[in-house]
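Colleague: First the structure, then my questions, so here it is.
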Amino acid sequence: MDKIIVRGLNLWYGDFPALINVNADFKEKKITAIIGPSGCGKSTMLRVFNRMNDLIEGVRVTGEVDIDGTNAVSPEADLIYLRRKVGMVFQRPNPFPLSIYENIAFGLKIHGIERNADALAGVIEESLRRVLLWDDLKDKLKRSALRLSLEQKQRLCIARLLAVKSDVLLMDEPCSTLDPQATERIEELMRELKNNYTIVVVTHNMQQAARVSDETGFMLLGEMVEFAATREIFTAPKDKRTEDYITGRYG
Amino acid sequence: MMNPRTVQKIAFFSLFLSTLLIVVPVGMIVVIIVQKGLPAITWQFLTDVPRQGMRAGGIFPAIVGTLYLVLGAVAFALPIGLLAAIYLSEYARDNVMNRIVKLAIVNLAGVPSVVYGLFGLAMFVVWCRFGASILSGALTLGIMILPIIITASREALEAVPQTFREVSLSLGASKWQTIRHIVLPNAIPGIITGTILGIGRAAGETAPILFTVAAFYLPRLPKSIFDQAMALPYHLYVISTQVPNVDEKVRYGTAFVLLAMVLTVNLVAIVIRYKFRKQKKW
Ligand SMILES: Nc1ncnc2c1ncn2[C@@H]1O[C@H](COP(=O)(O)OP(=O)(O)OP(=O)(O)O)[C@@H](O)[C@H]1O
Ligand SMILES: [Mg+2]
């Protein structure tokens, strides 16, 4: 099953074409990695899926991004619904300067989901359990989230999405601020989450792409050069440019 | 050529001297007013009406008048100033119109206070037919402190990191929910500080209330916002220049009360700012 179907996607920052005729199918409940050199448009691509590019002035988009049967880039798309469904984990862990509890409750509050205190506490526990924070933090929910370690913060940011029932998780270099052990544990979590969520992860780290992803897209200068099963991309790339990148011939 | 060490010493000494030159007058004002004013402060002075042509009795109506004016000014200026600041920092695009608005606010802050007084006279006293009243005075003072409140609030709002807004929007919050739940709570300390500084300014100014509210001598409390009222800065001006043979103690006592009120208000602002700055961790 394809969760996100991208057809003929173009994006311009003013006059600068950042995405050029991109076509790709992102499979449901799989991890898809997007790799490519710096500035090739990976983050731009992710930000199309939840329309965060709308915040930048002078952005123009053409083409189609079909998520569960609705075109996410159409002007009529319901952004609130879309962003709830398609959650984003940022490069720098960015909990709000609130308590751990309130960080997760925030999404539920703005979407008017759980008003009942017991049910709210239940959802918060469930979300923290899923990111394996519950046992460590269950007695510290009132503490400021800013006092957590980087890894815990990043897990909390993931839990924040699970609580509003996102089913696509966009991760933009989610481990780039973490040490190798923490990175490994987050990757483990991603594998676990893939049973229920569709994950698209941007990474600079090719080993990471090879380790966690089922499919990989390689981008270069705004184009999706090759998009295939991860094993194929890393062992038998069809495009010369992909091969050059994999073997480390670009920066 | 002078020895670098000598130059260094001269430089240090002149810098130190300049700093001292700022501190000394401030310190002296405070010392003189405390020294001469404190003996006048009695329970009767604070709670009685002026008597014998303001040469005796107390200053209670002036204290109350100043409190009313300040509260009125804040009640008017805070909501408007805050909403304007939210519009300017969160919604306004960078176009000619909004640049003019921002420029106007900066310039409004530089307008001499007597001009506000004349404006208040023309606008509220005469045109709105509020007469010389607490209402006219409070509105005039409110307009005077608007730029302080807007500028402080804008700075506080803009100091909230952009990423918080992005994260909130990415969770599906609307722009207003983001402002309401994420931006405003983090900006409140700055907004409060700005408001308090505005209060201090409003409490101390004479010119804006001169034509709009101040009663020369009104030995009773105002009954409604359409009444005239006495106010501390104007009362001080009157007993210092317009009434002969006022005891020095009464004059310095009045100055002491005014100074104490303004300094207390500023002190509160400083404490709030300090406390929140220590808490902030991003
Ligand atoms: N707001 C913007 N305005 C103008 N150009 C932009 C903007 N954001 C990105 N770009 C340009 O678009 C191109 C793609 O940027 P993007 O951030 O998507 O790259 P990336 O692949 O995520 O890079 P990195 O690996 O460094 O994160 C770059 O050339 C960048 O300079
Ligand atoms: Mg990027």
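Colleague: Show the residues, 5+ positions off or on another chain, whose built amide H is closer than 5 Å to the amide H of residue A:201.
Modeller: Placed amide hydrogens put A:32, A:33, A:34, A:171 under 5 Å from residue A:201.
Colleague: Please compute the Kirkwood hydrodynamic radius of chain B from all pairs of different C-alpha atoms, in Å with one decimal.
Modeller: About 21.4 Å, per the Kirkwood formula over Cα pairs.
Colleague: At 24 angstrom or more along the helix axis (alpha-carbon based) and mean Kyte-Doolittle of 0.5 or higher, what helices does chain B contain? Whole DSSP H runs only.
Modeller: Those that pass (Cα extent of 24 Å or more, hydropathy at least 0.5) are B:4-37, B:60-86, B:134-158, B:184-204, B:248-279.
Colleague: If you don't mind, there's one more thing I want to ask. Kindly give Rg over Rh for the protein assembly as shown, based on alpha-carbon atoms, with the Kirkwood expression for the hydrodynamic radius.
Modeller: The Rg/Rh ratio comes out at 1.14.
Colleague: On a 1.4 Å probe surface of the protein chains, which of A:239, A:118 comes out largest in accessible area, and what is the full order?
Modeller: A:118, A:239
Colleague: Quick one: ranking B:262, B:167 by accessible area, 1.4 Å probe, largest first, what do you get?
Modeller: Highest to lowest solvent-accessible surface, that is B:262, B:167.
Colleague: May I pose another question? At 1.4 Å probe radius, can you tell me the per residue accessible area of region A:2-246 in Å²?
Modeller: Counting only protein heavy atoms, the per-residue value for region A:2-246 is 43 Å².
Colleague: If you average the sequence gap of Cα pairs under 8 Å that are 6 or more apart and divide by the length of region A:2-246, what percent do you get for the contact order?
Modeller: 28
Colleague: Per-residue ellipticity at 222 nm for chain B, helices alone: DSSP H runs ≥ 4 residues times -39500 (n - 2.57), over residue total, nearest 500 deg cm²/dmol?
Modeller: -23000 deg cm²/dmol
Colleague: If you don't mind, another one. Between region A:1-28 and region B:1-70, what's the alpha-carbon centroid distance in Å?
Modeller: 68
Colleague: Could you give the Stokes-Einstein D for region B:34-85 in µm² per second, using the C-alpha Kirkwood radius, 4 °C, 1.567 mPa s?
Modeller: It comes out at roughly 99 µm²/s.
Colleague: Once you put a point 7 Å from the Cα of residue B:34 and another 7 Å from the Cα of residue A:132, both along the Cβ direction, what distance in nm separates them?
Modeller: Label-label distance for residue B:34 and residue A:132, simple model: 6.2 nm.
Colleague: Of all the accessible heavy-atom surface of the protein assembly as shown, with the other protein chains kept in place and a 1.4 Å probe, what percent is carbon and sulfur?
Modeller: 60
Colleague: Mind giving me the FRET efficiency for residue A:147 and residue A:57? R0 is 35 Å, r the Cβ-Cβ distance, nearest 0.05 is fine.
Modeller: That gives a FRET efficiency of 0.45.
Colleague: Additional query: Kindly identify residues of region B:162-176 having a loss of at least 30 Å² in accessible area between the isolated chain and the assembly of all protein chains, probe radius 1.4 Å.
Modeller: B:164, B:166, B:167, B:169, B:170, B:171, B:172
Colleague: Over both sides of the B-A contact, add up the buried accessible area with a 1.4 Å probe and give it to the nearest 100 Å².
Modeller: Buried area (both sides, nearest 100 Å²): 1800 Å².
Colleague: Keeping all protein chains in the complex and leaving out DNA, RNA and ligands, what accessible area do you get for residue A:150 with a 1.4 Å probe, in Å² to the nearest 10?
Modeller: 70
Colleague: Heavy-atom accessible surface, probe 1.4 Å, ligands and DNA/RNA ignored: which residues of region A:62-101 lose at least 30 Å² versus the isolated chain?
Modeller: Residues passing the criterion (a loss of at least 30 Å², heavy atoms only) are A:80, A:83, A:90, A:94, A:96, A:97.
Colleague: Something else about it: Would you kindly find the accessible area of residue B:119, with a 1.4 Å probe and non-protein molecules such as ligands, DNA and RNA excluded, rounding to the nearest 10 Å²?
Modeller: 90
Colleague: Still on this structure, I have one more. From largest to smallest, what semi-axes in whole angstrom does region B:78-178 give when each is the square root of 5 times an eigenvalue of its alpha carbon gyration tensor?
Modeller: So the equivalent ellipsoid measures 34, 14, 11 Å along its semi-axes.
Colleague: Sticking with this one: Could you give the distance between the Cα centres of region B:133-184 and region B:208-264, to the whole Å?
Modeller: Their Cα centres are 34 Å away from one another.
Colleague: Where the only charges are on Cβ atoms (+1 Lys, Arg; -1 Asp, Glu), what is the dipole of chain B about its Cα centre, to the nearest 20 debye?
Modeller: 600
Colleague: Now for a separate question. Treating region A:2-246 as a set of equal point scatterers at the Cα positions, no solvent, please give the Debye-formula log₁₀ I(q)/I(0) at q = 0.14 Å⁻¹.
Modeller: With no solvent term, the Cα-only Debye profile gives -0.92.
Colleague: Once you list every other residue whose beta carbon is under 10 Å from the beta carbon of residue B:141, what net charge do they have if Lys and Arg are +1 and Asp and Glu are -1?
Modeller: 0
Colleague: Write out the trypsin sites (Lys or Arg not before Pro) in region A:114-195 meeting two conditions: DSSP loop, and at most 11 other Cβ atoms within 10 Å of their Cβ.
Modeller: Those satisfying the criteria are A:115, A:142.
Colleague: Next question. Can you give the mean number of other chain Cβ atoms that lie within 10 Å of the Cβ atoms in peptide A:2-12?
Modeller: 0
The values are calculated or read from the model by the stated rules, or taken from the named source; none is laboratory data. These figures come from a predicted structure and were not determined experimentally. Positions of Cβ are generated from backbone atoms using ideal geometry, with glycine treated the same way; all protein chains shown enter the neighbour counts. When the accessible area is computed, the model is the full protein with side chains, heavy atoms only, and any ligands, DNA or RNA have been set aside. Shrake-Rupley method; radii C 1.70, N 1.55, O 1.52, S 1.80 Å.
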